[in-house]
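Nothing in this text is a laboratory measurement; each read-out follows from the coordinates by a stated rule. On a predicted model such as this, the values are computed, not experimentally measured, just so you know. All Cβ positions, even for glycine, are placed from backbone atoms using ideal geometry, and neighbour counts span all protein chains on display.
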Amino acid sequence: MASAAFAQTFNTVASFDGVNGSNPFYVSLVQGRNGNYYGSTKFGGMGVCYFGNGCGAIFEVSPSGTLERLYSFCSHNSCASGEIPLAGLLLAHDGNSYGTSWYGGSSGFPCSQGCGTIYKIAKGTVTTLYNFCAQTNCADGGNPYAALIEGSDGNFYGTTSAYGPFSGGTVFKITPGGQLTTIYTFCQQQFGCLDGEYPNAGVIQSRDGNFYGTTYYGGANGWGTVFKLTPKGALTVLHSFAGTPTEGGYPSAGLVQGADGNFYGTTLHGAANTCFEGCGSVFKITPSGVFTTLHTFAGPEGSLPGGSLIQATDADFYGTTTGGGNNNAGTIFRISTTGMLETLYSFCAQTNCTDGATPWGALLQATNGTFYGTTYGGGNSSCQDCGTVFSMSVGLGPFIALDRVVGKVGQVCGILGQGFTGTTSVSIRGIPANFEVVSDTFLKATIPAGATTGYVAVTTPTGTLTSNTPLRVIQ
C-alpha cells in the first residue's frame, strides 16, 4: 500500500564536475568527526585508467555544499591503490577510513587491470592493505562491490562479488594491519549454487554476533538468497527468493537490523511484472528465516531499489529507488514496519535534472536529523550527468551517533554530533561516564564500571542528545 507524501524539504547540496569526482554508485555517505560527509565516486578525478572518464575519487562535502576532491585513483603508481571504487567508506573507531575498489591493484590474471583492493586512508595518505586475487586461482576472491564494516572484534568484514574456489564470491575478514582470511566461499553447494552466488552487497553483524547478508544470484530458485554466517564460517540459507511474480529477486543491497530484531532489505527486481523482470520489493525476514514481502514496487511510486534501507530516529525505514517516480529517474521513500510506503521525492523534478537522477546508494541520517545521499546522474555543473549530493529534511530532530556499537568497560567510545562545546555530562543508560570534548562535533567517552547495554546521552548547553542506537556493553 502506498500513500501520499508528507511535508519535506529537498536541497541539492553539490554537483560533481568530473574533476572532483563523477557518478557515485553504491555509495552511502559517512559523517566525519568534523561534521562533514565523505564518500567516493565510481569515475572522475584526475587519474587515467583502463576505463577512461577518470578512475574514481574520494571526496569531502560540507553541509553547506563545499565539495572537495581528497584523492584521485590511478593518479600514480599504476593504479596500485585500486580504481573504480563502487562503494563508500568506513570511518573506523581508530580514526582512519577504509574502503574497497572494484578494479585495479597489483594482481593480474584473471583481471587484466587488477581484481580490486582494500585501502586505508590515514592523515590524508592512501595505502593499499590488500590486493585481491593474490592467492592461487583467486581463492581469496575479487571485485568487491560493497563497503566494509567494523566487527565487534575490531577487524573489518566484507564481500567479494566474484571468484573464490567455487567462483561464486566470498565473505572475508581483514585485520587493520592487512591480514586477510576468507570466511566463506559461495557456490560450495553446486548444481545451482544453492548457498547463493555473487554477494554484491556487504554483510552486517547482528546483535547475536553472527553476520547476515544477501547474494544477487543463486539459491533454490536462482533469484538470490538471504544468509546467516557464523564468525567461524558456518553458513545457513535463511531464504531463497522466488522472483516474479510472487516476490522479489536479485537483491543488490544488504540488510539492516531493525529495532525489533528483524532484518529488512530490498530487491532490485522480482515481484510485479510492470518492469522488466519485476520492479523490486521491500521485505522483512526474522533471524529464524520467516519471510514477509512488505511492499511491491509498481513504477509510479518508484521502482528498482538498488540501495539498502536505513532505520531513522522515527523508527520508520528510508530508502531510494533507481527508477520510477514522476519522472522515471528514481525516488526517495519511507516505509513503516507494516509496509505503509510514502514517496517523498521524485528526481528530475528540475529542468535538465539539476536536482540529480538515479540514486543507487543508501541514505545517511546525519546527527542533525537530516538525510543525505548521492545520485549517479544529473546535476548542475560543466560535467553533464555526473551526479549530485542531496539532502532532505522531514523534520526529525538532532541526535548523537556512536563510532562503535559494542564495547567493554574501560574502552573508549567516540561520539558524533553537534554543539558539544560546553558539554556537562555523558551517561550510558544513566551511569555517568568520563568524557573528553575533542571538538564541537566530536567527543570521547569511557564506558564506566556498572554500565549495561543502553542508550548514550550527552547533555549540552542547549539540551540533551540521545544516541540513535544503544551501546551493547559486554561484561
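Once both labels are positioned 7 Å from their Cα atoms along Cα-to-Cβ, the gap between Asn53 and Thr274 label points is 2.9 nm. Distance check, please: which entries in Lys42/Lys120; Lys42/Lys173; Lys232/Lys444; Lys408/Lys444 exceed 21 angstrom between their Cα atoms? Pairs exceeding the cut-off: Lys42/Lys173; Lys232/Lys444. Full extension of the segment from Ala315 to Thr66, taken as 0.36 nm per residue of separation minus the current Cα-Cα distance, would add 86.6 nm.
Along segment 57-69 the Karplus relation, 6.51 cos²θ - 1.76 cosθ + 1.60 evaluated at θ = phi - 60°, assigns HN-Hα couplings of 8, 9, 10, 10, 9, 8, x, 7, x, 6, 10, 10, 7 Hz to successive residues, with x for each Gly and Pro.
Each residue of segment 171-186 was assigned a 3J(HN,Hα) from its phi angle through the Karplus expression (A = 6.51, B = -1.76, C = 1.60, θ = phi - 60°), giving 10, 9, 10, 9, 7, x, x, x, 8, 9, 10, 7, 8, 8, 10, 7 Hz with x at Gly and Pro. Neighbours of Asp94 by Cβ distance under 15 Å: Lys/Arg scored +1, Asp/Glu scored -1, total +2. Ignoring lysines fewer than eight residues from Lys284 along the same chain, the ones with Cα atoms less than 21 angstrom from its Cα are Lys228. As a rough footprinting exposure proxy, the listed residues His239, His295 were ranked by other beta carbons within 10 Å of their own, and the order from fewest upward is His239, His295.
For the pair Thr464 and Phe191, a Förster radius of 41 Å applied to the C-beta separation gives a FRET efficiency near 0.10, rounded to the nearest 0.05.
Dividing the mean sequence gap of close Cα pairs (under 8 Å, 6+ apart) by how many residues the chain holds gives a relative contact order of 11 percent. Comparing Cα centroids, segment 291-360 and segment 92-146 end up 31 angstrom apart. For the pair Ser288 and Met340, the difference between a 0.36 nm per residue extended length and the Cα-Cα distance amounts to 16.3 nm. For the chain, Cys413 stand unpaired, since no other cysteine beta carbon lies under 4.7 Å from theirs. Amide H to amide H distances under 5 Å link Leu471 with Gly454, Tyr455, Val456, where only residues 5 or more positions off or on other chains count and H is placed in the peptide plane. Could you check what % of the DSSP bridge pairs in the chain are antiparallel, to the nearest 5? For the chain, the DSSP antiparallel bridge percentage is about 95. In plain terms, the chain is cut at each of the trypsin sites (Lys or Arg not before Pro) found in a DSSP loop with at most 15 other Cβ atoms within 10 Å, and the longest leftover piece is 233-428.
Summary of the geometry: segment 412-472 and segment 32-47, compared by the centres of their Cα atoms, lie 28 Å apart.
Find out how many positive minus negative residues lie around Leu341, taking Lys and Arg as positive, Asp and Glu as negative, among other residues whose Cβ is under 15 Å from that of Leu341. Every neighbour counted, the sum reads -2.
Converting phi to 3J(HN,Hα) with the Karplus coefficients 6.51, -1.76 and 1.60 and the offset θ = phi - 60°, segment 240-250 yields 10, 5, 9, x, 5, x, 8, 8, x, x, 6 Hz in sequence order, with x at every glycine or proline.
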